[in-house]
Amino acid sequence: MTETYESDSFVRAFREAAPYIHYLRDKTVVLAISSHIVASPDFAHLAQDISLLGNLGIKVVVVHGVRKYINDLMQQSQTTLPSHLGRRITNEHTLIKVKQACGEVRFDLEAALSVGQSNSPQMLTRNRLISGNFISAKPLGVIDGIDMGYSGTIRRIDFAMIKQHLQQHCMVLVSPMGHSLSGKTYSLSMAEVAAEVAIGLRAEKLVFINEEDGVLDASGQLVRNLSANQAQELFEKTPQSKAISRLLPSTLKALQSGVRRVQYISGHLDGSLFAELFTKHGSGTSLAQNAFVHIRQAISDDIPDIIQLIRPLEEKGVLVRRSHDYLDHHINEFAMLEHDEQVYGCVALKQFPHEKMGELACLVVSPYAQEGGYGELLLEHVKNQARAAKLKTLFCLSTHTGEWFSERGFQDACIEDLPLERQRQYHQDARGSHVFVLPL
């Protein structure tokens, strides 16, 4: 019994993950890893998961931080580390420590990412990890009368070289350091480097892996999804940790520049990376330029998704069967609900302009998203469509779900209340469906 339960759980989890794995194949994901996580014992498990991403056909770029390593070195030498506007002021002595810290983090990362997969046919296979002088930098200069020294900003990134290595199935490691044409070295912001790399590579996702779970609301609860505008408002009203607050400017720039998703997760939670990338609810906070859930007009390419949604209900007799040919000819009547690029529902509105009536049909929500309130969103979408078309009444026919519609304001009606064309089809179908109407 236990083995069956575990098997069923695996199958459900794999079915949920499969569309995300397929979607991310051959796409680029940039992982920005806090140095606190690299130094943590938990990093061993995370490193194995990062290695697996490459095996799934995902192009992986790793950008690492150095803050903890620098702080530890400065404490050992009993030296303070001045800063201005959240950036280190890097003098020659500090730069030596920054270089030392950067080298130590890089070697720790390379070692962890070189470990083969345990209990796997690929146990003896080593990841191909490439690093290099990808970034040209320039000094921040003097800010508010303060010379920032060797703290710098990005001048240029050699994206052609990075892409070449990714095409050769290598994982690319980028350090927050840059060099000028005159041979000087500058310390850079990890968040800035990660964002610029993601933008230049047109990455699908930028994932910041920190000690915190993600963004918190006023009550201290984790916020799962945020649009760019929502994030700005929340950060203004609700103080976040310093580590999370530092990420917002780079996050907003990445989203505004075409990176589809920026995600914040905890590196201490085992499996957090897979949960964030390959499940609907994720493990941390996911940010997008626009709202995560949206409803759009269906197109012919959506027909396979519609069939996958409606076929189980057709087989149970809940819905009347619709052929591929029917869907192709009536696709303009359908709308699709997406959550984070994945289809989770559909609905159709057939209009009868002469009678100023519309039929709500084929309202289906994926069984994996029954508790998300998507049915109400689809219903509201159809109501708005009907009002925009100046229809006066919305009606639906149901053999099994009449109670759901009654709870949302629909009233029992007679066949004679339907348009004549729909009455004739009703008798032809001979399904004995109940009729419900909703005045608009």
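The values are calculated or read from the model by the stated rules, or taken from the named source; none is laboratory data. Remember, it's a predicted structure, so these values are computed and weren't measured experimentally. As a convention, Cβ positions derive from the backbone with ideal geometry for all residues, glycine included, and neighbour counts pool all protein chains shown.
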Residue in segment 182-201 that is of a type in the set (D, E, K, R) and at pLDDT 95 or above present: yes
Filtering segment 213-225 down to residues that are under 19 Å from Ile33 (Cα atoms) and surrounded by fewer than 22 Cβ atoms within 10 Å (Cβ to Cβ) yields Asp213
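In segment 383-405, how many residues are among the β-branched types (Val, Ile, Thr) and either modelled with pLDDT of 95 or more or over 18 Å from Leu337 (Cβ atoms) (or both)?
Selection size over segment 383-405: 2.
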Does segment 302-319 hold any residues that are aliphatic (A, V, I, L, M) and either over 16 Å from Val365 (Cα atoms) or in contact with a strand residue (DSSP E or B) (Cβ under 6 Å, 6 or more places away or on another chain) (or both), and which are they? Ile306, Leu309, Ile310
Checked Leu287, Leu252 against criteria (over 30 Å from Asp429 (Cβ atoms) and assigned to a helix (DSSP H, G or I)); the one match is Leu252
Step by step: first the residues of segment 359-414, then only those that are β-branched (Val, Ile, Thr) and over 31 Å from the mean Cα position of the chain (by Cα), then the one that is farthest from Arg322 (Cα to Cα). Which residue is that? Thr393
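Identify all residues within segment 138-166 that are in a helix (DSSP H, G or I) and either more than 26 Å from the chain's Cα centre (by Cα) or without any contact (Cβ under 8 Å) to a residue 40 or more places away in the chain (or both); write none if there are none.
Result: Ala160, Met161, Lys163, Gln164, His165.
Condition check ((1) within 18 Å of Glu338 (Cβ to Cβ); (2) free of Cβ contacts under 8 Å to residues at least 60 places away in the same chain; (3) surrounded by 18 or more Cβ atoms within 10 Å (Cβ to Cβ)) across all residues:
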site	(1), (2), (3)
Arg261	yes, no, yes
Ser266	no, yes, yes
Gly282	yes, yes, yes
Gln289	yes, no, no
Quick test of your reading of the structure: Asp301 fulfils all but one of (1) assigned to a helix (DSSP H, G or I); (2) not assigned by TED's automatic domain parsing to the domain that holds Cys396. Name the failing condition by number. (2)
From (1) free of Cβ contacts under 8 Å to residues at least 24 places away in the same chain; (2) in contact with a Phe, Trp or Tyr (Cβ under 6 Å, 6 or more places away or on another chain); (3) not polar (S, T, N, Q), pick out the condition that doesn't hold for Gly220. (2)
Out of Gly267, Gly214, Gly183, Gly200, report the one residue that is more than 30 Å from Ala13 (Cα to Cα), in contact with a helix residue (DSSP H, G or I) (Cβ under 9 Å, 6 or more places away or on another chain) and of a type outside the set (A, V, I, L, M). Gly200
